[in-house]
Every structure is written in structure tokens, then in C-alpha cells.
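What follows is one structure encoded as C-alpha cells, with my remarks underneath.
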Amino acid sequence: MSNTTQNLKEAFAGESQANRRYLAFARKAEAEGMKGIARLFRAAAEAETIHALSHLQVLGEVGSTEDNLRAAASGETYEFEQMYPGFISTAKNEENGPAEKTFTYAMKAEMVHADLFRQALQRIGSGAEPYYYVCGVCGHITDSEPADKCPICGSSPKAYRRIE
């Protein structure tokens, strides 16, 4: 791998993390009544997204929708089969309950995400265009109206947001 390719990958990771961090900071500023600062954080997050997407494009990691669905399913599968089980084990050994909980929620949600990507791959060309709902507590996604409670974290349907 060339140095430039490695630099693009590091830049993509850094910009992606900055985006998420700034969105978290925006939520906190909003909760504290600082709307202007929240807007600044959201604007910076959007700028970081522009940078990250540009780096990813130059890396050639955005393919056809079919290729992207396969890559997404593979990535999610790696997370729930290999990455999160080890993280959960470490958190248990270190008696870090909050980390164990967030890793467990993510692992269970990643299983669902991988399945949804595979289902979408099978639907390509069918004309089916479902809406998706995301649980704001654990990240569970469903392609139907949320049930009485989230199957992962037990939250009420009010915790879900429909993705347009």
C-alpha cells in the first residue's frame, strides 16, 4: 500500500470520527440551550463529512450499489462475529458494565443490519422501497413500524425515528 493510500485511509477515519464527535457535541450544546453553538458543531460535522466522502471516493471504496451492499453486509458481519465478542469479553473482565452494555447493543444491532443489507441486495430491481426506523437507544433498525418494544434494548416505539 502506498503512503498516500495509507494517508487517505487515516484521513477518512479521522474525518469520520470528527463528524460523529461534533454531532455528539451539538446534541450536548442543544440540551444546554446553546443553539448557535449546536449549529456550529453541526456545520463542522457536515464539513467533516464532505472531507471523509471525498477521501473515500479517491480511495475507490464506493462501488455499485450491489457492491456497496455486499461490502456493508460483510463489514457488519465482521463486527458481530469477530470484533464485538472480544470487546464484550474484555469489558466483562474489566468489570466495565456501561461498555459491556453498549458493545452488546451494537453487536446485536449489527446482526440485524447485516441481514437488512442482504435483504436489500435481494430486492434490487424489484421496485420495493421500504422505509426504515432506527432505535435511538441501541441502533436497532426495522423495515416495518416499530413493535411494542425494541427487541434489543426494550425501548418503546417512541425511541424510533423514521428515516426518510
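The values are calculated or read from the model by the stated rules, or taken from the named source; none is laboratory data. Fair warning: this is a prediction, and the values are worked out from it, not measured in the lab. A quick note on method: Cβ atoms are made from the backbone with ideal geometry, for glycine too, and the neighbour counts reach across all protein chains shown.
Quick notes
- Residue pairs meeting the criteria (Cβ under 8 Å; at least 6 apart or on separate chains; first under 24 Å from D115 (Cα atoms), in the range 78-95; second of a type in the set (D, E) and part of a helix (DSSP H, G or I)): E79/E110; F80/E110; Y84/E110; I88/E100
- The sole residue among V62, V58 that is modelled with pLDDT of 95 or more, not in a helix (DSSP H, G or I) and not polar (S, T, N, Q) is V62.
- Subset of the range 50-109 (residues that are hydroxyl-bearing (S, T, Y) and within 26 Å of L8 (Cα to Cα)): S54, S64, T65, S74, T77, Y78, Y84
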